[in-house]
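What follows is a single structure, written as structure tokens, with notes after it.
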Amino acid sequence: MPGFDCVIAYDGDEPAGYAYGAPALHEREWWREYLSPAPDATDTFNLSELMVRPKWRATGLSEQLHAELVGRRPEPLAALLVDTTHPRVQALYESWGYEKVGERQPFADSPLYAVMLRTRTP
């Protein structure tokens with residue numbers, strides 16, 4: 001996928017966590033339907049996954065991975081989905097500047113997700 005980006009954290013030779021995502025396709029920013037009016041910015045980075053292995057949880061690594069990945073992106077907006085049964089994960093993203101703008105169930109057999117959006121502040 002064009003623009004795919006990934007960061008991986010290592011502790012020595014051992015992988016500790018990763019984060020990855022890609023830019024939304026032009027005019028395919030699925031989060032826009034939840035806001036009226038939507039932000040003027042048109043470029044969105046979709047954060048697909050962020051994972052930290054148990055040994056490195058509660059160390060700040062997830063925030064470092066997020067900051068490294070999203071911080072180097074040119075898109076002014078970042079979007080992600082969080083399973084609504086994980087309120088602590090949602091609260092973590094909120095502490096990083098994301099706002100819940102709606103809920104979405106992309107497929108009939110998928111969980112219900114919180115739709116979260118972050119606007120880069122200058």
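Taking the condition touching an Asp or Glu at 6+ places or on another chain (Cβ under 9 Å) and part of a loop (DSSP other than H, G, I, E, B), does THR42 pass? Against the criterion (touching an Asp or Glu at 6+ places or on another chain (Cβ under 9 Å) and part of a loop (DSSP other than H, G, I, E, B)), THR42 qualifies. Contact annotation: residue pairs with Cβ atoms under 9 Å, 6 or more positions apart or on different chains, pairing a residue in the range 8-28 that is β-branched (Val, Ile, Thr) with a partner that is part of a strand (DSSP E or B) and open to solvent by less than 30 Å² (accessible area, probe 1.4 Å), are ILE8/ALA16; ILE8/GLY17; ILE8/ALA19. Checked against the criterion of being of a type in the set (D, E, K, R), open to solvent by less than 40 Å² (accessible area, probe 1.4 Å) and out of contact with any Pro (no Cβ under 7 Å at 6 or more places or on another chain), the candidates GLU33, GLU29 yield just one match: GLU29. Checked against the criteria, LEU61 does not count as at pLDDT 95 or above and open to solvent by 40 Å² or more (accessible area, probe 1.4 Å). Listed by position, the strands (runs of 3 or more DSSP E) contained in the range 69-122 that have at least 1 residues being basic (Lys, Arg) are 99-104, 113-119.
Is it the case that some residue within the range 49-56 is surrounded by 12 or more Cβ atoms within 10 Å (Cβ to Cβ) and farther than 30 Å from GLY12 by Cβ? Within the range 49-56, none of the residues are surrounded by 12 or more Cβ atoms within 10 Å (Cβ to Cβ) and farther than 30 Å from GLY12 by Cβ. In the set ALA38, ALA19, only one residue is among the small types (Gly, Ala, Ser) and in contact with a Lys or Arg (Cβ under 9 Å, 6 or more places away or on another chain); that residue is ALA38.
Of everything listed in (1) more than 22 Å from ARG104 (Cβ to Cβ); (2) within 12 Å of the chain's Cα centre (by Cα), the single unmet condition for PRO74 is (2).
The values are calculated or read from the model by the stated rules, or taken from the named source; none is laboratory data. Every value quoted in this text rests on a predicted model; they were computed, and no experiment measured them. Positions of Cβ are backbone-derived with ideal geometry, glycine not excepted, and every protein chain shown enters the neighbour counts. These accessible areas exclude ligands, DNA and RNA; they are computed on the full protein's heavy atoms, side chains included. Shrake-Rupley method; radii C 1.70, N 1.55, O 1.52, S 1.80 Å.
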